[in-house]
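Asker: Below is the structure I would like to discuss, written out as structure tokens.
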Amino acid sequence: MRDVAIIGIGDTVFGELWDSSLRKIGIEAGIAAINDAGISGDDVDALYVGNMSAGKFIEQEHLAALIADYAGLTKNHIPATRVEAGGASGALALREGYLSVASGAYDIVVVGGAEKMTDVGDDEITKIQAAAIDQEWESVFGATLPSLYAMIARRYMHEYGATREQFASVPVKNHANAAKNPKAQYRKAIKPETVLNASMVADPLGMFDCSPNSDGAAAVVLAPMEIAKKYTDTPIKISGSGQASDTLALHQRRDILTMDATVHASRMALKQARREVKDIQVAEVNDNYSISEIIALEDIGFVEKGKGAEFSYSGQTMIGGKVAVNTSGGLKARGNPLGATGIAQAVEIVRQLRGEAGERQVDGATVGLTHNLGGSGSTALVHILEVA
Amino acid sequence: MGSIPRFWRENPSRYNLVGVKCNNCGRVFFPPREICPVCHRKSIGKMKPIHLSGKGSVYSYTVVEDTPEEFAMLKPYVLAMVEMEEGVKITSQLIDVKPEDVHIGMKVEAVLRKLGTEGSSGIIHYGYKFRPVNE
Amino acid sequence: MKTGIISYGAYIPRSRIEPAEIGRVWGVDGAARGKGLMVQRKSVPMPDEDTITISVQAARDMMRRANVNPEEIGAIFVGSESHPYAVKPTSTIVAEAIEAAPHMTAADYEFACKAGTAAIQTSMGLVGSGMMRYSVAIGADTSQGAPGDALEYTAAAGGAAFLIGTEKDRLIAEINHTYSFTTDTPDFWRREGQMYPSHGGRFTGEPAYFKHVITAGKTLMQRTGTKPEDYNHVILHQPNGKFPYRAGKMLGFTPDQLKYGILTPEIGNTYSGAVMLGLSSVLDVARPGDRVLMVAFGSGAGSDAFDITVTEHIEEFPREKGALIRQMIDNYTLIDYSTYAKYRGKIRMKE
């Protein structure tokens, strides 16, 4: 398998984008990435699209054909594939695109992720997201995605004595970071009290422990390393790609306080990249809920099991800390348009590694990591990116 | 019409907690599975139905305040992950209990309750919920 | 062949509302109403409970106490005036929930408050004729009273299930005789499609309840050659707390004979569940040899009367495997009218 690089990136602002349809944001991100790569539409060999649930949000399936069409790529009748894995759809699309270039099947591949969530009401959105958990044995009985993570948080507090204050350090940090990100949904820092006093969603998780409903799209252009320098002076190598699955229902996991899928996916990616966790300087980690970032820090290996809450609370994951986590603002403050998130994470790491992260720049960052989860942890994807 | 067969075919498990036991390794699974995820091929033909006793204890729980519309009548409700006597865990609501009295380790038993309906003219769905055991 | 009861189970929902609270909303002295009706509080089902869940809970307790293979149950009949479906039987869902299905028959019964005892009589015929080994009769309801109406103070929820059979060494109570008195008397009714029932006011008293209960009780005792003092326990239908004591007196019984069988003062009128729960309450405390008279009344109208003798098998009967009536009566939570209205679907929700 040959080495693969990211030669172009693009993303929309994330938020409630009332004036934009899914087509519009998908194309916007795609065109931005193509321009950033300095290629033309005719150079694109294949398209991968990550999207969780356009079929329910906007009653549109067959998404890859739609995006290829509106991106003006159907003239060349390129292969277009839609990829789905709950909230990890974007990162899985990235992996599929990566594998297609690494295998030699294609050369220039555009991978986009997009989600238009706000065309339906909040109640509908909650129901649609619950399709990523077990419909028959969780949703039917009253479980929602946040309620499952709430049960994880409750058990975590029971076993490790963690507190809501410690959990709150995650959204507080991510909002502070997002305040420096012009593409973020929420660009305002918040205080811990705001998190602690927010109305409850499913206790112990309140509104500010949970990522928002968002519209948005992001895209990257992939190329084999051997020709990447033709297009850009700063190709970013995908040095490791890991993917893992686990049970659909949370209650069937080996241990609900460890996302085994994250453990396996990160080991797989690090092994391929010949890297250790201590080499990672900047990471975009799946923080759909405050507890998820904390558990992911442990599962990836930044800190040992049970110490994640304190690790976060003591500032080790801030810019300037041991590892800068979610400099984009994370899912919480940057936004979480489900299918786009995995790609947006890669876009942020590329910006960091290119030195283009402005006020959120992590000095001297050369190795980064992205981590994306589907459902309550049934799918995990981890990618290692580094300066070529 | 809603989805009638999809709910109807799960009734044995939803009404009577019918799971399955792998007679190769002795592990119990709920809901039933075709093959044992541990024994794989060795479990073919050895998976037998088993009735869970209905008794278990609370492994974790949450009070759901932001609920889907179809559960609005019960809001806020306690959602729990119950560890059954047989070792499997099941997710459902806790009833007949004040949220502040719920604790990890609390002993509970399964009862039949309405899970929901498909609107005012649709089918009514029944299934297990859990209530505290009178000690 | 004598038929009788092999096992029983019961369920009363946990919420209660008091007459004073109902009266408060409708501008009436509810406490006085309650006193007049001799009802202290009534049971209210949760939004996720209905006649089906109540019937299942009662039937499951009945099965837990019986040592019976559910596949040997030949019939299940559920009597109610609040079946969750107008068309789709409660009894088949109960049958699946106790795993008695599919080699059996089932049907739902309806006759105001005596639908459950009608099911007992049918069960007696089916097992007594040798057609099947066991038959289950359930009476359960989640009745509604119209807002502000007199019935709103008493219409309550609950149910009980009885396993009827003939095996002499298993019967905990033998049904010696049953007699019914049935007429077309429109004292209380509900038209198809209406949410709440209507009633004839004072017409529901003497020409309806009293005429049928007294006639049935007297005639049964004539046919069995018994006198009031022969009975240890008497269960009469109980739309409020007053009627059964008055009828009891008219039939020659003392309040003491009625005390275990009359539950309405503490839980309200559970309609098809009423005498069934009363009988469960009596069986919870009965001793071998106790003689029991039970007279149900259903508006429309009819009374089913039963003469029952408790056997020595009640001693080994594992009552503790199910919920006892006294425990369920005493274990409750009070709710206010707004919660009651919400639970009972009296608030108009968005479609």
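Asker: Go ahead and estimate [θ] at 222 nm for chain A from helices alone: -39,500 (n - 2.57) per DSSP H run with n ≥ 4, summed, over the residue count, rounded to 500. Working shown, then result.
Answerer: Values: 14 runs with 143 residues, N = 388.
For chain A, the value works out to -11000 deg cm²/dmol.
Asker: Size of the dipole of chain A about the Cα centre, Lys and Arg at +1 and Asp and Glu at -1 on the beta carbon, nothing else charged, in debye to 20? All intermediate terms of the calculation are to be shown ahead of the outcome.
Answerer: On the way: 36 positive and 48 negative charges, 166 e Å.
The calculation lands at about 800 debye.
Asker: Still on this model: Let's see if you can work this out: charge +1 on each Lys and Arg Cβ, -1 on each Asp and Glu Cβ, no other charges. What is the dipole magnitude of the range C:175-314 about its Cα centre, in debye to the nearest 20?
Answerer: Details: 13 positive and 13 negative charges, 77 e Å.
Once rounded to the nearest 20, the dipole reads 360 debye.
Asker: Where the centre of each part is set by its Cα atoms, how far does the range B:25-89 sit from the range C:275-351, in angstrom?
Answerer: Here the answer is 33 Å between Cα centres.
Asker: List the lysines whose Cα lies under 23 Å from the Cα of A:LYS173, skipping any in the same chain that are fewer than 8 positions away.
Answerer: Answer for A:LYS173, where 23 Å is the Cα cut-off: A:LYS183, A:LYS188, A:LYS191, A:LYS278, A:LYS305, A:LYS307, A:LYS322, A:LYS332, listed by chain and number.
Asker: Now a separate question. How high is the relative contact order of the range B:53-132, in percent, with contacts defined as C-alpha pairs under 8 Å that are six or more residues apart?
Answerer: Details: 161 pairs, mean separation 24.8, N = 80.
Dividing the mean separation by the residue count of the range B:53-132 yields 31 percent.
Asker: Just name one of A:VAL350, C:GLY145, A:VAL201: the one whose Cα is farthest towards the positive end of the charge dipole of the protein assembly as shown (beta-carbon charges, Lys/Arg +1, Asp/Glu -1).
Answerer: C:GLY145
Asker: Residues in the range C:68-95 near a label at C:MET349, defined as backbone nitrogen under 17 Å from the 7 Å Cα→Cβ point?
Answerer: The answer is C:84-85.
Asker: Among C:MET38, C:MET131, C:MET104, which one shows the biggest mean-square fluctuation in a GNM of chain C, springs joining Cα atoms closer than 10 Å?
Answerer: Its mean-square fluctuation being the largest, the pick is C:MET131.
Asker: Another one. Taking every eigenvalue of the Cα gyration tensor of chain A, multiplying by 5 and rooting it, what semi-axes result, largest first, whole Å?
Answerer: On the way: eigenvalues 181, 107, 72 Å².
They are 30, 23, 19 Å, listed from largest to smallest.
Asker: Using a 10 Å cut-off around each Cβ of peptide B:73-83, what is the average number of partner chain Cβ atoms that fall inside?
Answerer: Working: counts 8, 5, 0, 3, 4, 4, 10, 6, 11, 1, 1.
Neighbouring Cβ atoms belonging to other protein chains average 5 per residue here.
Asker: With unit charges on the beta carbons (Lys and Arg positive, Asp and Glu negative) and the dipole taken about the Cα centre of chain B, which residue among B:PRO31, B:PRO49, B:GLY105 sits farthest to the positive side?
Answerer: B:PRO49
Asker: Could you calculate the contour length gain from C:TYR85 to C:ARG202, that is, 0.36 nm times the residue separation minus the distance between their Cα atoms, to one decimal place in nm?
Answerer: Numbers: separation 117, 0.36 × 117 = 42.12 nm, distance 3.10 nm.
Full extension from C:TYR85 to C:ARG202 adds 39.0 nm.
Asker: Would you be so kind as to identify all helices of chain A, as entire DSSP H runs, whose Cα atoms reach 18 Å or more along the helix's own axis and whose mean Kyte-Doolittle hydropathy is at least -1.0? Display every interim value, and only then the final one.
Answerer: Values: long enough: A:22-37 (23 Å, 0.58); A:89-102 (19 Å, 0.66); A:145-160 (23 Å, -0.16); A:164-178 (21 Å, -0.76); A:260-273 (20 Å, -0.21); A:338-354 (25 Å, 0.55).
Qualifying helices, which must be both long enough and hydrophobic enough, are A:22-37, A:89-102, A:145-160, A:164-178, A:260-273, A:338-354.
Asker: For the range C:175-314, what does the relative contact order come out to in percent, with C-alpha contacts under 8 Å and a separation of six or more? The partial results should precede the final answer.
Answerer: Values: 257 pairs, mean separation 48.7, N = 140.
For the range C:175-314, the relative contact order is 35 percent.
Asker: Amide H neighbours of C:VAL39 under 5 Å, counting only residues 5+ apart in sequence or on other chains, H built in-plane at 1.01 Å?
Answerer: C:GLY241
Asker: If you don't mind, there's one more thing I want to ask. Among C:THR254, C:TYR332, C:VAL234, which residue has its Cα positioned farthest towards the positive end of the charge dipole of chain C, with +1 placed on the Cβ of Lys and Arg, -1 on the Cβ of Asp and Glu, and the dipole taken about the Cα centre?
Answerer: With unit charges placed on the Cβ atoms, the residue in question is C:THR254.
Asker: Another question, if that's okay. Rounding to the nearest 10 and keeping the result within 0 to 90°, find how far the Cα-based axis of helix C:274-285 lies from the longest principal axis of chain C.
Answerer: Result, in degrees: 60.
Asker: Using DSSP to define loop residues, name the GluC sites (Glu not before Pro) in the range A:281-317 whose beta-carbon has at most 11 other beta-carbon atoms within 10 Å. Walk me through the intermediate numbers first.
Answerer: Details: sites: A:GLU284, A:GLU293, A:GLU298, A:GLU304, A:GLU310; in loops: A:GLU304.
Those that pass, being in a loop and sparsely packed, are A:GLU304.
Asker: With just the Cα atoms defining each centre, how far is the range A:52-73 from the range A:317-382? Give it in Å.
Answerer: Centre-to-centre distance over Cα atoms comes out at 25 Å.
Asker: For chain C, find the longest principal axis of its Cα atoms and tell me its angle to the long axis of helix C:211-224, 0 to 90°, nearest 10.
Answerer: It is inclined by approximately 10 degrees.
Asker: Report the Cα centroid-to-centroid distance between the range A:144-201 and the range A:207-221 in angstrom, as an integer.
Answerer: Comparing the Cα centres of the range A:144-201 and the range A:207-221, I get a distance of 15 Å.
Asker: While we're here: State which stretch of chain C is the longest one without any exposed trypsin sites (Lys or Arg not before Pro), exposure meaning a DSSP loop state and at most 10 other Cβ atoms within 10 Å. Please report the intermediate quantities before stating the final value.
Answerer: Values: sites that count: C:ARG191, C:ARG348, C:LYS350.
Result, exposed sites excluded: C:1-190.
Asker: Using every Cα-Cα pair within the range C:195-329, state what percent have a distance larger than 20 Å. List each step's numbers first, then the result.
Answerer: Values: 3975 of 9045 pairs.
Pairs farther apart than 20 Å: 44 percent.
Asker: What is the spread of the Cα atoms of the range A:130-289 along each of their three principal axes, largest first, in whole Å?
Answerer: Result for the range A:130-289: principal-axis Cα extents of 53, 38, 31 Å.
Asker: Per DSSP H run of n ≥ 4, the term is -39500 (n - 2.57); total these for chain C, divide by its residue number, and report the mean residue ellipticity at 222 nm rounded to 500 deg cm²/dmol. Could you put the intermediate results ahead of the total?
Answerer: Numbers: 12 runs with 110 residues, N = 351.
My calculation for chain C gives -9000 deg cm²/dmol from helical runs alone.
Asker: Rg (Å, one decimal) plus Dmax (Å, integer) for the alpha carbons of the protein assembly as shown?
Answerer: Considering the protein assembly as shown through its Cα atoms, Rg and Dmax are 33.0, 111 Å.
Asker: For C:LYS2, list the lysines whose Cα falls under 18 Å from its own Cα; do not include residues on the same chain fewer than 8 positions away.
Answerer: C:LYS168
Asker: For a quick check of your reading of the filter: which GluC sites (Glu not before Pro) in the range C:306-349 sit in a DSSP loop and have no more than 12 other Cβ atoms within 10 Å? Display every interim value, and only then the final one.
Answerer: On the way: sites: C:GLU312, C:GLU315, C:GLU316, C:GLU320; in loops: C:GLU315, C:GLU316.
Qualifying residues, ordered by number: C:GLU315, C:GLU316.
Asker: I need to check one value: relative contact order of chain A, counting alpha carbon pairs closer than 8 Å and at least 6 residues apart, in percent. Numbers along the way, then the final one.
Answerer: Working: 1001 pairs, mean separation 100.3, N = 388.
Taking the mean separation of contacting Cα pairs over the length of chain A, I get 26 percent.
Asker: Taking R0 as 56 Å, what's the FRET efficiency between A:ASN76 and B:ILE44 from their Cβ-Cβ distance, rounded to 0.05?
Answerer: Details: r = 48 Å, r/R0 = 0.86.
Calculated value: 0.70.
Asker: Tally Lys and Arg at +1 and Asp and Glu at -1 over the other residues with C-beta under 12 Å from the C-beta of C:ALA146: what net charge comes out? Mind dumping the intermediate values first?
Answerer: Numbers: positive: C:ARG190, C:ARG344, C:LYS346; negative: C:ASP149, C:GLU152.
Once positives and negatives cancel, what remains is +1.
Values quoted throughout were computed directly from the atomic coordinates according to the rules given, and no laboratory measurement underlies them. Remember, predicted model here, so these are calculated numbers, not experimental data. Backbone-built Cβ (ideal geometry, glycine too); neighbour counts: all protein chains shown.
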